[in-house]
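Peer 1: One structure is given below, represented as structure tokens, and several questions about it will come after.
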Amino acid sequence: MKTCEYDGAPFADPRSHPWTDTASNPDHRYWDLKAELFRVRTSLEDFVPWSHYAAIEEFYRLLEWLNAPASTLESNDCAFTGPHANEFLSFPKALQCSGRVMVLYRALAQNLSRRRVESLKDALHRRLQSLDPEFQWGTIGTTIVPVRYVTLPGPDDEQLGHQLMISFWAWGSSEAELLTHLGRVVTNLFEGLRALGTPS
């Protein structure tokens, strides 16, 4: 599985956890999926139009596991851009899709340590690189982004921490092939995160 460290769009200001709304669409809101796990399949607006594909079902399963009590991790936000014209000349396919999921430690104070979040990032890369080595039509990238954990005690500067933004891309010659490749990306990500987020 191909991985990279992805610069992404700059995050000059810390995001909030939990966040309240988005600049792009004020109707979008934060859901605590740990408390309302059933919302995974109804509240992810970007994913719903593609829910008939197995790749999206696998992504739902990933989020359900990530936010279930057995996981030491949780998600904060996710996004998906469906099939569109390929923008990457290094991947000779007509179509691409992309998405992201924000991942953090469920014990929120652990996210105040950049070293700890970097360890999660590095461990995920090592795990993914050992999975599905022949697969070339998908990539997973990581970015550490600043976060203010507003529910932690103390002044503002003691709430500043980090979370891991996991971005993913897939490419295909047709919509069906593209979503099949996306399924492999998500399956590999699920396996990688499950290895790291399951208590030993």
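Laboratory data are not the source of any read-out in this text; all were calculated from the coordinates shown. Note that the structure is predicted; figures quoted are calculated from it, not measured. All Cβ positions, glycine included, derive from the backbone under ideal geometry; neighbour counts span all protein chains shown.
Peer 1: Using the count of nearby Cβ atoms within 10 Å as a rough guide to exposure, how do ASP7, ASP77, ASP32, ASP46 rank from fewest to most?
Peer 2: ASP7, ASP32, ASP46, ASP77
Peer 1: Considering only the other residues whose Cβ falls under 13 Å of the Cβ of MET1, what net charge follows from Lys and Arg at +1 and Asp and Glu at -1?
Peer 2: Spelling it out: positives minus negatives among the neighbours equals +1.
Peer 1: Give the label of the value calculated from the structure for Rg and Dmax of the Cα atoms in Å, choosing from (1) 15.7, 45; (2) 16.5, 52; (3) 19.4, 69.
Peer 2: This structure yields the entry labelled (2).
Peer 1: While we're here: Using Cα positions and a limit of under 26 Å, work out the lysines in reach of LYS34, with same-chain residues fewer than 8 apart set aside.
Peer 2: LYS121
Peer 1: Now for a separate question. Taking the Cα centre of the chain as origin, work out the dipole magnitude from +1 charges on Lys and Arg Cβ and -1 charges on Asp and Glu Cβ, in debye rounded to 20.
Peer 2: 500 debye
Peer 1: Further question: Among LEU131, LEU104, which comes first, second and so on when ranked by fewest other beta-carbon atoms within 10 Å?
Peer 2: With the fewest neighbours first, LEU131, LEU104 line up as LEU131, LEU104.
Peer 1: How would you rank HIS52, HIS181, HIS84, going from fewest to most other Cβ atoms within 10 Å of each one's own Cβ?
Peer 2: Numbers: HIS52 8, HIS181 24, HIS84 11.
Ordered by Cβ neighbours within 10 Å, fewest first: HIS52, HIS84, HIS181.
Peer 1: Here is a follow-up. Given an 8 Å cut-off on Cα distances and at least 6 residues of separation, report the relative contact order of the chain as a percent.
Peer 2: Reported relative contact order: 30 percent.
Peer 1: Taking 0.36 nm per residue of sequence separation and subtracting the Cα-Cα distance, how much length would be gained by fully extending the chain between VAL150 and GLU57, in nm to one decimal?
Peer 2: My answer for the length gained is 30.3 nm.
Peer 1: Take the eigenvalues of the Cα gyration tensor for the range 44-149, scale each by 5, and report the square roots as semi-axes in whole Å, largest first.
Peer 2: 26, 18, 14
Peer 1: Here's another thing I want to ask about it. Would you mind counting up the charge near VAL145? Only other residues with Cβ under 14 Å from its Cβ, with Lys and Arg at +1 and Asp and Glu at -1.
Peer 2: Charge balance in the 14 Å sphere: 0.
Peer 1: Something else now. Run the simple label-point estimate for GLU158 and SER43 please: 7 Å along Cα→C-beta, distance reported in nm.
Peer 2: Taking the two extended label points, one gets 2.9 nm.
Peer 1: Pairing the Cα long axis of helix 114-129 with the longest principal axis of the chain, what angle in degrees results, from 0 to 90 and rounded to the nearest 10?
Peer 2: That works out to roughly 20 degrees.
Peer 1: The range 100-152: which trypsin sites (Lys or Arg not before Pro) are DSSP loop and have at most 16 other beta-carbon atoms within 10 angstrom?
Peer 2: Qualifying residues, ordered by number: ARG106.
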